[in-house]
1. Name the pairs: first residue in the stretch 45-67 and under 17 Å from Ala19 (Cβ atoms), second residue of a type in the set (S, T, N, Q) and in a helix (DSSP H, G or I), Cβ to Cβ under 8 Å, at least 6 apart or on different chains?
2. Name the residues in the stretch 221-241 that are more than 16 Å from ligand 1 (Cβ to nearest atom) and either in contact with a Cys (Cβ under 8 Å, 6 or more places away or on another chain) or among the polar types (S, T, N, Q) (or both), would you?
3. Out of all the residues in the stretch 171-201, which are within 16 Å of Leu273 (Cβ to Cβ), away from ligand 1 (no atom under 16 Å from the Cβ), buried (at least 18 other Cβ atoms within 10 Å of the Cβ) and not hydroxyl-bearing (Ser, Thr, Tyr)?
4. What number goes with the only condition from (1) away from ligand 1 (no atom under 15 Å from the Cβ); (2) part of a helix (DSSP H, G or I) that Pro148 does not pass?
5. Taking only the stretch 39-69 into account, find how many residues are within 23 Å of Asn134 (Cα to Cα), assigned to a helix (DSSP H, G or I) and within 14 Å of ligand 2 (Cβ to nearest atom).
6. Here are Ala101, Ala108: which of them is buried (at least 24 other Cβ atoms within 10 Å of the Cβ), more than 20 Å from Ser284 (Cβ to Cβ) and modelled with pLDDT of 95 or more?
7. Mind listing whichever residues of the stretch 191-248 are in a strand (DSSP E or B) and either touching an Asp or Glu at 6+ places or on another chain (Cβ under 6 Å) or closer than 30 Å to Met129 by Cα (or both)?
8. Anything in the stretch 81-103 that is of a type in the set (A, V, I, L, M), touching a residue at least 60 places away in the same chain (Cβ under 8 Å) and closer than 16 Å to His117 by Cα? List them, or say none.
Amino acid sequence: MSTHIAFVLGTRPEIIKLAPVIRACVDGDVPFTVVHTGQHYSEKLDEVFFTDLHLPEPDYNLAVGSGTHGEQTGRMLIDIEQILLDEDPDIVLVQGDTNSALAGGIAAMKLDAKLGHVEAGLRSFDREMPEELNRILVDHGADLLFPPTEDSAARLREEGIPPERVTITGNTIVDAVLQNRDIAAEHSDALEDLDLSAGEFVLLTAHRPGNVDDPDRFAKLLEGVNRYAELANTTVVYPIHPRSAEKLEAFDLTVPERIRCVEPLNFLDFLHLEDTASLVFTDSGGVQEETCILGTPCVTLRENTERPETLDVGSNVLAGPEPESIVVNAFEMQTKSTDWELPFGDGNAAARILAQCGVESVVPTEARS
Ligand code: UD1
Ligand code: UDP
């Protein structure tokens, strides 16, 4: 009997980063169940990714929606536990550091199924971030840990996690980018739709509570990006996350002139804009990785990152929220050569993860004879 895998996911980045693993299960005839918590539910944060990435409809959608951390996680946990008891999977896979990953993790760690953590071992060392607590808790409850890099595996060892639980797999975002980059270039109309020319615009994403839940910090950050755009005589496109859109309205902030807010984009359009932008400003984890893979310089609007590999290879810099620092760092990144090393693996992460889960029908490249 083949291993039965249950995926628990709930937000945009989890759908994108688990897509290569789910697709490999479809292609390899591996039995699986997808449990969607409903943490993200707006069409543009959820459904569009199932379409773009050719994913089957989730078997369950818990429709938990938004709420405080405890409320959201608690509601998920009750339903996930019951589903896992009914479905009786061999392995439960969660990805990353969201409340959905935490709920899936807590439910699985006390049941018979083994818990696997995709993208294990990331640390920002900033416990103010809810994600940092989620990552630590899931890593320490997991039976199988899949850190993307040697750095993240080393952190798990330092925290005392037994090495036999840990396999470096690369990050599944490399699989997702390599599988979709050319498709995006061929099929995306994002440049035409937004009246942009390749290489002549910059892209911005900002949604972390630490940035957008504080009106002064959010305003400063927008001012810094706008000032750079004025000096560089370029346009900024900002596909705005609903959290940030709500905060702009609540704080009555005016977005400066050079920044064009647009609705969140589907994966192929966003990937193509990342690929063709001259520079990307972000506070997103996934975007720091994707820009590194695509060869687009990145300026991170935070003081720390759980992706230090991007700093080491030189694809990314930490600018924080101060306008002057944003401008200086952006000009510096703009002039750098973009032939950095790729630290996140070779695009075979999904196959390696499934091999560790005991799946025999999906074979990683290095194991093929
Ligand atoms: C969550 C994750 C974060 C991840 C991000 C990806 C946690 C603690 N945070 O943050 O790690 O980087 O997803 O995008 O798990 N909203 C909508 N539509 C939706 C979802 C949310 O309008 O489909 C609005 C709601 O007003 C909600 C707010 O966005 O209150 C925040 O949503 P929430 O899921 O709590 O956190 P994110 O900021 O999305
Ligand atoms: N993304 C997207 N459309 C957008 C903005 C982001 O498809 O308008 C994708 C992006 O390519 C990346 C992921 O969403 O794969 C990042 O998600 P997010 O920034 O919400 O979460 P984080 O990575 O910070 O947890």
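1. These pairs meet every condition: Asp52/Asn180; Leu53/Asn180.
2. Asn226, Asn233, Thr234, Thr235
3. Residues satisfying the conditions are Val177, Asn180, Arg181, Ala184, Ala190, Leu196, Phe201.
4. Going through the list (1) away from ligand 1 (no atom under 15 Å from the Cβ); (2) part of a helix (DSSP H, G or I), Pro148 breaks only (2).
5. The qualifying residues number 1.
6. Values: Ala101 fails: more than 20 Å from Ser284 (Cβ to Cβ).
Result of the check over Ala101, Ala108: Ala108.
7. The first filter runs over the stretch 191-248 and keeps only residues in a strand (DSSP E or B), leaving 201-205, 235-239.
Scanning the stretch 191-248 gives Val202, Leu203, Leu204, Thr205, Val236, Val237, Tyr238, Pro239.
8. First pass over the stretch 81-103, keeping only residues of a type in the set (A, V, I, L, M): 83-85, 91-94, 101-103.
Restricting the remaining residues to those that are touching a residue at least 60 places away in the same chain (Cβ under 8 Å) gives 83-84, 91-94, 101, 103.
Within the stretch 81-103, Ile91, Val92, Leu93, Val94, Ala101, Ala103 meet the criteria.
The values are calculated or read from the model by the stated rules, or taken from the named source; none is laboratory data. None of the values given here were measured: they were computed from a predicted structure. Because the Cβ atoms are built from the backbone with ideal geometry, glycine has one as well, and the counts that use them run over all protein chains shown.
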